[in-house]
Amino acid sequence: MTECPIWDRPHPAADGRPGPLPVLLYGLTVLGPVLALIAGLLLGDGPPPATWPELVLPTGRRLALWLRSIGLATSVAVCGLTVGTLVALRLRRHTRWAGWPWLFAMLAALPPMTHALAWSWVLARTNLFLRGAGMQALPTSGWLIAGWVQFTWLVPLAVAVSLVAVDAVPTDLLEAAHLLHGSVHPLMRVLLPLAGPLLLAGGGVLFLLSLLDYGIPSIFQVNVLALDVFADFSVHGQADRALLVSVPLLAATVGAITLSQGRLRDAAMAPPVHGRKAVTTERWPRWLVALSTGAVAIVMPAVLGPIVSLAAQVGSWQQLSAVLDGGRGEIVYSFGVSLAAALLSLPLAAIAAQRIVGGTPLGRAWWLAVTLPMALPGPLVGIGLIRLWNSPVIAFTSVYGSRWMPVLAALARYVPLGALVMTAALRRTDPSLIDAARVLQASRRRRLVLVHLPMLAPGLLAAGAVVFCLTLGELSATLLVAAPGHPTLSMRIYNYLHYGASDTVAGLTLAMTALVLTLGAITVLVQTLWARLTDIDPQPGVPVSGDSAR
Amino acid sequence: MIRATLISLLVLLTAACIADRDAVVVYSSVDQVFSEPILTRFEEVSGIEVRAVYDVEAAKTTGLVTRLIAERDNPQADVFWNGEFAQTVRLAEEGVLASYRPANAEAVPPAYRDPDGAWTGFGGRGRVLLVNTDLVADAAMPRSIHDLADPARPGDRIGIAYPLFGTTATHAAALYAHWGPEAARDYFASLAESGVRVVDGNSVVRDMVVDGRLDVGLTDTDDACTAVENGAPVRIVIPDQGRGEIGTLIIPNTVALIAGGPNPDPGKRLIDFLLSEAVAAAMIESGWSHVVLGSSETTPACLEGVAIRGMDVPLADVVAHMEAARTDMTEIFVR
């Protein structure tokens, strides 16, 4: 089989590709801030070009930081995926509930700082107990604890991705493998290779999120390159210089995303379904049962630890009620911002996803258009947004300074992630249905309404939910563009963080958790109803997208 | 889908803003919990609506400064109320600030005012040592910042915030200005060698001392006083107050008018209000300010009866050493 990258092979779902105007809107909304930064670098008063190589190429201390950052991000991504896969296998063995991926994905929306504070709190109390008992205290700083806390932040996402990946493997293939080869063979030779591309794609996203985060490492006294970039920005105050200094981070993330997402072309993906039947012939060896039990035992405290610690810090229902009352304005506004970002991200993400799977000659450029904004640190996105929307050319629209700016910040940062989710969803659509629609339905609009949208609905919902959750916790870009007098919930939480009002911080963070869990519940409900309405239970032998199914 | 895209973006682009009337836009790096009540009071007495954007510690006080510089060609803010001075001086150098000499600024010592009227200092905070009294006996109480580098004290029981950001960076620059770059660099290198805990912010230093994860931490008076008022087992030590010692760094709040801001007159009224005696008293009562630069009879509860002697170092010298100090601090602490 000849190897060819994902962008060279058109998928029928790319039918009805967008025209130039929607593409222009994607460019303005998502690429605009990046382009504004690059234009500022080339045309503004930034560092002279002669100094660029020195700023761009990491040497000495920065090289060591870069390598260590990549090491930390790789460890977190690998551990996350390993544990996530084991948990996914375990959950899928015992239950077919379609809501698991959503539940875990929503838990990933808790801001990283929440995990850092919660685990600091847990560690402090544990050490108090250990010292009281005359035992050795646990380490409260260093790579191990920083890696663990990043892991606890990202492992819900890893489990969600793994569940989706495991779910995407056609059940009939697994059944056949189990019948022919017994216990472990189907897992190693069928399930993991087929789920591998999606798992790898998820691993790329975990790597990116870990690499760009300096909040958790700095709390646990671990220096990473992302902190160095921020420190450089703080010292010199020049966005153009910061853009150059962050190039090693951009290169690492673009490389990781391209490598990991590129393997999606090999994925054998069954259409997403509600209540897929279990593999009845499955038999696991004891060591695998033990491993998956261990993984569940690791994930439980990782997921519940922060929530329990937050609840303990709130104290009482009265206190929680008072905190929520005080933050009602920010909670409502943030919900509105997140909802608007989620809804507006759908068409934009669909535009990019259609171009990526469409096999156009510009496919590589579209891949870059999706990965580059994702790799840009939040503060730089914020500066790019100011340069774009507050520029004399666009300022007349009065969008800058309005309450829409946090929505635009969220779109600039998270539409690319939504586009990746949509790309996976597009590739999971049944090509035979699309081909049939093409033959039988002449109208493009009817094809869109009657065929594409029903098949894409789960993907759209997934992309929207991801954007909603991430927007709710966004701070670094929002802080630079929020309208005066209209702070978001995350801004309020971080503000109180400095004041030391841990009960208030805990209460507001619990409110944020409740919001995302509510959205998770709604998503699961809609998914369930949608599956029943459209009745898309798989038929044995239905062709699935991906090479192995062709 | 395409139509949905167009409609959505069209709605976004036509989001018209109602013209600002009797409003003032203020960017404040002072904690919202301290600054909001004062701004609300201004609304009550002036009838002018205040629209505020507050910085957060996670942005290391660079968030709003970055925003003001990026907005320079089309300013959105009228007033910048900063919890420290170094970034305000930088904004003046960048041409972001307008000249305005409030009448009531005369009570502020000249050292805490810009000679060209670009900014005015008021209500200050001090750099202090916060000590956990459960863990450190009276006899072992530190008295000087030199005690932080004392080999007799375990470095991992002492904490400072990253000296690359915020008031800790300003403190480092002040020591560069006072001791000279070489001596100051040696001091911080010795702190790093002793294994001192470098954490994410002054509030984290406070929390770690309160929790007993640190014996001693270098922080600001507002953080330290919060711990005292919450009943934590801590004591505030004003460092280097003895005869012949350097004193501690006093960090004034600064307020400035933004050049070309949309509402200059309400902006000037807000600045006048912030420099009033009533606000000085309110800031002390709330726990934000602990050093009076103008005239006020109110004294901070957590430092009652304690006189703070400041370092004898011109603010302009501190700002002049900021870049060199931060570059060194990055080399020493981000490894």
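Side notes on the structure shown:
- Among the residues of segment B:196-230, those identified as at the interface with chain A (Cβ under 9 Å from one of its Cβ atoms) and more than 18 Å from B:V56 (Cα to Cα) are B:R197, B:V198, B:M208, B:V210, B:D211, B:G212, B:R213, B:A227, B:N230.
- Any hit, segment B:131-143, residues being buried (at least 16 other Cβ atoms within 10 Å of the Cβ) and in contact with a His (Cβ under 7 Å, 6 or more places away or on another chain): no
- Residue that is nearest to the chain's Cα centre (by Cα) [pool: residues in segment A:118-146 that are in contact (Cβ under 8 Å) with a residue 24 or more places away in the chain and within 9 Å of chain B (Cβ to nearest Cβ)]: A:S120
- Residue check, B:A77 closer than 29 Å to B:G201 by Cα, in a strand (DSSP E or B) and either touching a strand residue (DSSP E or B) at 6+ places or on another chain (Cβ under 8 Å) or away from every other protein chain (no Cβ under 14 Å) (or both): no
- Candidates B:G305, B:G260 - the one that is free of Cβ contacts under 8 Å to residues at least 12 places away in the same chain, open to solvent by 20 Å² or more (accessible area, probe 1.4 Å) and outside any helix (DSSP H, G or I): B:G305
- A:R364 vs. criteria crowded, with 22+ Cβ neighbours inside 10 Å, at pLDDT below 85 and not in a loop (DSSP other than H, G, I, E, B): no
- Candidates A:V30, A:V78, A:V56, filtered to the one that is of a type in the set (A, V, I, L, M), closer than 30 Å to A:P197 by Cβ and surrounded by fewer than 20 Cβ atoms within 10 Å (Cβ to Cβ): A:V78
- B:T88 vs. criteria closer than 26 Å to B:D211 by Cα, under 18 Å from the mean Cα position of the chain (by Cα), within 14 Å of chain A (Cβ to nearest Cβ) and among the polar types (S, T, N, Q): no
- Yes/no for A:V245 being of a type in the set (A, V, I, L, M) and touching a Ser or Thr at 6+ places or on another chain (Cβ under 9 Å): no
- For first residues located in segment B:224-239 and more than 14 Å from B:S203 (Cβ to Cβ) and among the aliphatic types (A, V, I, L, M), partners that are assigned to a strand (DSSP E or B) and open to solvent by less than 20 Å² (accessible area, probe 1.4 Å) and lie 6+ apart or on another chain with Cβ distances below 6 Å form the pairs B:I236/B:V128; B:V237/B:L129; B:V237/B:V131; B:I238/B:V128; B:I238/B:T248.
- The one condition from (1) open to solvent by less than 10 Å² (accessible area, probe 1.4 Å); (2) outside the structural domain of B:D207 (by TED's automatic domain parsing); (3) not in a helix (DSSP H, G or I) that B:A118 does not meet is (1).
Residue by residue, here is whether (1) under 18 Å from the mean Cα position of the chain (by Cα); (2) part of a loop (DSSP other than H, G, I, E, B); (3) over 20 Å from B:L175 (Cβ atoms) holds:
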{"site": "B:I251", "(1), (2), (3)": "yes, no, no"}
{"site": "B:T254", "(1), (2), (3)": "yes, no, yes"}
{"site": "B:R269", "(1), (2), (3)": "no, no, yes"}
{"site": "B:D317", "(1), (2), (3)": "yes, no, no"}
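- Filter result for the condition that a residue is buried (at least 23 other Cβ atoms within 10 Å of the Cβ) and of a type in the set (A, V, I, L, M), over B:A192, B:A184, B:A232, B:A224: B:A224
- Subset of segment A:198-243 [part of a helix (DSSP H, G or I), β-branched (V, I, T) and surrounded by 23 or more Cβ atoms within 10 Å (Cβ to Cβ)]: A:V205, A:I216, A:I219, A:V229
- Odd one out for A:L91, checked against (1) modelled with pLDDT under 85; (2) outside any helix (DSSP H, G or I): (2)
- Residues considered: B:P154, B:P142. Of these, the only one that is within 14 Å of chain A (Cβ to nearest Cβ) and over 24 Å from A:F233 (Cα atoms) is B:P154.
The values are calculated or read from the model by the stated rules, or taken from the named source; none is laboratory data. What you see is a predicted model; the values in this text were computed from it and never measured. We place every Cβ from the backbone using ideal geometry, glycine too, and count neighbours over all the protein chains shown. Calculation scope for accessible area: heavy atoms of the full protein, side chains included, ligands and nucleic acids excluded. Shrake-Rupley method; radii C 1.70, N 1.55, O 1.52, S 1.80 Å.
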